[in-house]
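**Student:** This is the structure I have questions about; it appears just below.
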2 protein chains.
Amino acid sequence: MNISKLQPDFKLDPHSAQPLYLQIADLLSSKITSHTLPAGAKLPPERKLAALFGVSRTTSINAYRCLEQQGLVETKVGSGTYVAELSITRENALSGVPWHQLFTPSPQSPLSSILRELVDTNLDSGNISLAAGMPDPAFYPVKLFQKLFNQDKGGTNKADLGHIPTEGYGPLRLSVAGLLDAKGIHLSMENIMITAGSQQGLYLISKVLLEPGDYVVVESPTFIGAHQVFQASGARVLTLPVAGAFPFALLEDYLIRYRPKLLYMIPTYHNPTGRVLPENQRRELLQLAARHRLAILEDDPYSDLYYGEEPPPSLKALDTYGGVVYLSTFSKILCPGLRIGYAAAHPALINRLALEKQYIDLHSNNLAQILICRLLDQGSLPAHLAFVRAEYKKRRDALVEALRHFCHQDLTFSLPEGGFYLWCKIQVPVLSGRLLHEAAKTGLSFVPGEAFYSTPDGEREIRLCFTTHPEHLLSEAAKRLSEVLARLARADKRKETPVSIPFRPIV
Amino acid sequence: MNISKLQPDFKLDPHSAQPLYLQIADLLSSKITSHTLPAGAKLPPERKLAALFGVSRTTSINAYRCLEQQGLVETKVGSGTYVAELSITRENALSGVPWHQLFTPSPQSPLSSILRELVDTNLDSGNISLAAGMPDPAFYPVKLFQKLFNQDKGGTNKADLGHIPTEGYGPLRLSVAGLLDAKGIHLSMENIMITAGSQQGLYLISKVLLEPGDYVVVESPTFIGAHQVFQASGARVLTLPVAGAFPFALLEDYLIRYRPKLLYMIPTYHNPTGRVLPENQRRELLQLAARHRLAILEDDPYSDLYYGEEPPPSLKALDTYGGVVYLSTFSKILCPGLRIGYAAAHPALINRLALEKQYIDLHSNNLAQILICRLLDQGSLPAHLAFVRAEYKKRRDALVEALRHFCHQDLTFSLPEGGFYLWCKIQVPVLSGRLLHEAAKTGLSFVPGEAFYSTPDGEREIRLCFTTHPEHLLSEAAKRLSEVLARLARADKRKETPVSIPFRPIV
């Protein structure tokens, strides 16, 4: 190559604060990135480079070393220095910035990727996933959304697609207040904030109330996403067992000893167990909470999905001291991709939540807010709910029947009166993690119980979501599950050693 | 009232850990919230209550006090104790939980509500807002979105409305990679993450890279939302003046002295000044950054909106060391209500950003992601961009002409070659805050310069957004502005004292 190309109108500045080798490296670097020096071009030997710029050989060596560190040139031993290929692969391999070293401490945990994996579940290719808590996509009211979207006549509402207040689209906040009114929660628009799913409600509450070292009380087991958010906040987690009557004495002990900032609960069709807290226990809990001025975060995504009697009133409907923060979502009853949930709480809290949300996304997406608002205002929700309730009831019953038929007493469970999940106890000596591992080979997935605990529990429990697939697939799932279970139980018996147990004793 | 109603089948437990007055208060509370004791009902006098339960009068007084604190009863002096009205107003007035005392330290600042107010701008009722950086709602391609939404035939894509990966809707990530490819940014899908507007990109980057005490370098002035996010992170902010050539020596000094985690920049059609960083300075900046392994956050919402020559390549297009994180959004070119932006960066960073985003909202809304993906894939973006560029150019020119006509030399500015804003310097002795205050009375708003600085600057600067309104309103805005400006300047001259200055000397 014609090396004079390198410095047609360039003079080194010996008085610059920048060392000479860096001045040369910068020049070469600009020639390389502008493709004046193309990939693969051979650069002059160090001696020649030094002569060209009138510098020492050490200076020219340092200039090449610097370019090599930036990934711009490659040195081939015995051959010389060449301009490197700037491919996509190289960009990703570039270590120009040591990203991993720059990151803030990560909220990594054994749970940290479970939620993402659940969300990422592939429903195609003959797999049966009873893992993610998903409605059946076939039931998403897409045609209704299309009709509602087309109602936008002449663009009169175009401004609604611009920026709206952080608290949410005004008409939707009003409609949600109306929706809650019908459930005995009497609030006004200023008590309502629209969120990006109830996940965001959880995140915002945690951001606004929890600092590292604060205490938060959760049920055990409980929703994975709540575990993750609380863990990431640095809060210390106290647990209340879900099984049996509500442990008032234990809670009161926590309240007195630790003064927790928050109690997180799913009182209705609890995730994962399906439990419904009876009304008298709800009232007793509220009295205890009121006395201690305890804030309760009530997560209520499932209460519209009852398959027999309607559930008791929500904690928020019974709240007389103003301490219940209510979260719900349209993800389970309409579709998750809307990413629209809402929080109902005291205006002081709503206001502070909005301040945080502003930094995160300014406001939630208007398209879905407008569509849901029209759907509610036109009275289309009750018919849709009646339809999915009827379908999900059939599915619950189909899975229950199939499990009883195929798995007999190997799996036991209580019949959930609503919601999405069947919470099963494994009655043979097989661990849920091992069961999932083997079931996955047959194309079946579910969530092993451990995921719902912050303590080392749940190794003999699994959560099956019965809403995503039609009856015949639920039946097929139960069959596959029974086969894997039987095989593992036999293998276990034959060897007479607990194959999966060495890592962690059963407690 | 028949006070025997109060305790038909209730016995106090003298051995309980719960004091007697609380046992009584709990009983009454449950009667009130269940409406057994209706609002307005008169409760027995303390003496009678004591007799009824066989307790001391102090105990019955304490029981009523406790209920009063909970807002459940009201004491009317000389009349007695009554069950309170449980209205919405009361729920909001309830101080059952002292919310303000529970909040984590707030990122409050003089700036903290400005962004929300801008977003909340009311465009109706004859007001002319040149404040928020908003496209004209009349240009939102609503009909196109309707057409694209209706293309969903037979629900084959219904699963796309379920949960999708946190990083975004796969086909959209691919389309965005294609969009960037045409701009000289050659990346693959794994380098792209979809965010809820570029605001969320900013938030996530800050969350992942900045800890309290870290340094971040920003241009001064710069985007309000960036100031707020960095401030909330607890980072210390170093500033680089935007006016004049890029201050390389100052930046290098910062890099050596403070080792900042991040440089935040809007190189193209800078907000608020409209400045474009020339290509040679971009290259020089990247060389400097590469040597110091400095991460650069390039915010690029405006580069498609050029009104003459196309702008130079983005920093990301020129990035050879992999240190540039690129943020952009569809808010300015399509419509803000989609809440869809994207980040392009090294996969290590994308992966960590996704981990954080998962806690915040699981993933961004699918409806808008699907619509934008279809819009890109069907090649509809270039025509829309050509249309809005032509319109916004007319508007920029109309505002410029009107300002020159009405305000003469009272306001000076450089002609922005693209973007949304005209950045004006006030050449008469009038402060921008005062000007806004008076202009607002005429129904005109804009952003005073102070909002864009973290230092006490900008008191003689204002930002006018020229894209939201048609030409005749921009002309009207310039007229109103000139009148207010002239009036204030005269008033100032007459009094010969600087009316707005006492609070803060001009620097």
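**Student:** If you scan region B:335-352, which residues turn out to be under 19 Å from the mean Cα position of the chain (by Cα), at the interface with chain A (Cβ under 9 Å from one of its Cβ atoms) and hydrophobic (A, V, I, L, M, F, W, C)?
**Tutor:** Selection gives B:335, B:338, B:340.
**Student:** I'm trying to understand the selection: among the residues of region A:218-232, which are part of a loop (DSSP other than H, G, I, E, B) and among the aromatic types (Phe, Trp, Tyr)?
**Tutor:** A:223
**Student:** Going by the conditions given, is residue B:142 within 25 Å of the chain's Cα centre (by Cα) and at pLDDT 95 or above?
**Tutor:** no
**Student:** Then there's this: Can you find even one residue in region A:353-375 that is hydroxyl-bearing (Ser, Thr, Tyr), outside any helix (DSSP H, G or I) and more than 14 Å from every other protein chain (Cβ to nearest Cβ)?
**Tutor:** Within region A:353-375, not a single residue is hydroxyl-bearing (Ser, Thr, Tyr), outside any helix (DSSP H, G or I) and more than 14 Å from every other protein chain (Cβ to nearest Cβ).
**Student:** Please work out which one of (1) without any contact (Cβ under 8 Å) to a residue 60 or more places away in the chain; (2) more than 22 Å from the chain's Cα centre (by Cα); (3) buried (at least 19 other Cβ atoms within 10 Å of the Cβ) is the condition residue B:359 fails and give its number.
**Tutor:** (2)
**Student:** Among the residues of region A:433-447, are any at pLDDT 95 or above, under 20 Å from residue A:129 (Cβ atoms) and in contact with a strand residue (DSSP E or B) (Cβ under 8 Å, 6 or more places away or on another chain)?
**Tutor:** no
**Student:** Within region B:394-449, track down each residue that is among the aliphatic types (A, V, I, L, M) and either part of a helix (DSSP H, G or I) or not assigned by TED's automatic domain parsing to the domain that holds residue B:481 (or both).
**Tutor:** Residues satisfying the conditions are B:398, B:399, B:400, B:402, B:403, B:435, B:436, B:439, B:440.
Let's see how each residue does on (1) buried (at least 17 other Cβ atoms within 10 Å of the Cβ); (2) under 17 Å from residue B:274 (Cβ atoms):
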position: B:398; (1), (2): yes, yes
position: B:414; (1), (2): no, yes
position: B:417; (1), (2): yes, yes
position: B:442; (1), (2): no, no
position: B:451; (1), (2): yes, yes
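**Student:** Given the conditions (1) at pLDDT 95 or above; (2) in the same structural domain as residue A:472 (by TED's automatic domain parsing); (3) touching a Ser or Thr at 6+ places or on another chain (Cβ under 9 Å); (4) closer than 24 Å to residue A:135 by Cα, report the number of the one that residue A:342 does not fulfil.
**Tutor:** Failing condition for residue A:342: (2).
**Student:** Could I ask something else about it? How many residues, within region B:182-197, are more than 10 Å from chain A (Cβ to nearest Cβ) and in contact with a Leu (Cβ under 9 Å, 6 or more places away or on another chain)? Give the derivation first.
**Tutor:** Of the residues in region B:182-197, the ones more than 10 Å from chain A (Cβ to nearest Cβ) are B:182-184, B:189, B:192-194.
Subsequent filtering for residues that are in contact with a Leu (Cβ under 9 Å, 6 or more places away or on another chain) retains B:184, B:189, B:192-194.
Here the count works out to 5.
**Student:** Something else now. Sort through B:411, B:399, B:422 and tell me the only one that's within 21 Å of residue B:128 (Cα to Cα), away from every other protein chain (no Cβ under 14 Å), touching a Cys at 6+ places or on another chain (Cβ under 7 Å) and in contact (Cβ under 8 Å) with a residue 60 or more places away in the chain.
**Tutor:** Exactly one of B:411, B:399, B:422 is within 21 Å of residue B:128 (Cα to Cα), away from every other protein chain (no Cβ under 14 Å), touching a Cys at 6+ places or on another chain (Cβ under 7 Å) and in contact (Cβ under 8 Å) with a residue 60 or more places away in the chain, namely B:411.
**Student:** Kindly indicate the residue of region A:257-313 that is more than 14 Å from every other protein chain (Cβ to nearest Cβ) and part of a strand (DSSP E or B) and also surrounded by the most Cβ atoms within 10 Å (Cβ to Cβ) among those meeting that condition.
**Tutor:** A:264
**Student:** Pick out the one residue from A:39, A:50 that is free of Cβ contacts under 8 Å to residues at least 12 places away in the same chain and of a type in the set (A, V, I, L, M).
**Tutor:** A:50
**Student:** Do you know which residues across region B:150-181 are part of a loop (DSSP other than H, G, I, E, B), at the interface with chain A (Cβ under 9 Å from one of its Cβ atoms) and surrounded by fewer than 18 Cβ atoms within 10 Å (Cβ to Cβ)?
**Tutor:** Correct list: B:155, B:157.
**Student:** If I filter region B:192-214 for residues that are over 23 Å from the mean Cα position of the chain (by Cα), on the phi < 0 side of the Ramachandran plot and assigned by TED's automatic domain parsing to the domain that holds residue B:330, do I get at least one hit?
**Tutor:** Within region B:192-214, not a single residue is over 23 Å from the mean Cα position of the chain (by Cα), on the phi < 0 side of the Ramachandran plot and assigned by TED's automatic domain parsing to the domain that holds residue B:330.
**Student:** Additional query: What are the residues in region B:212-235 that are surrounded by fewer than 16 Cβ atoms within 10 Å (Cβ to Cβ) and touching a helix residue (DSSP H, G or I) at 6+ places or on another chain (Cβ under 8 Å), if any? I'd like the intermediate steps shown before the answer.
**Tutor:** Of the residues in region B:212-235, the ones surrounded by fewer than 16 Cβ atoms within 10 Å (Cβ to Cβ) are B:212-213, B:234.
Correct list: B:212 only.
The values are calculated or read from the model by the stated rules, or taken from the named source; none is laboratory data. Please read all numbers here as calculations on a predicted model, not as lab measurements. Note that each Cβ is placed from the backbone with ideal geometry, even for glycine, and that neighbours are counted across all protein chains shown.
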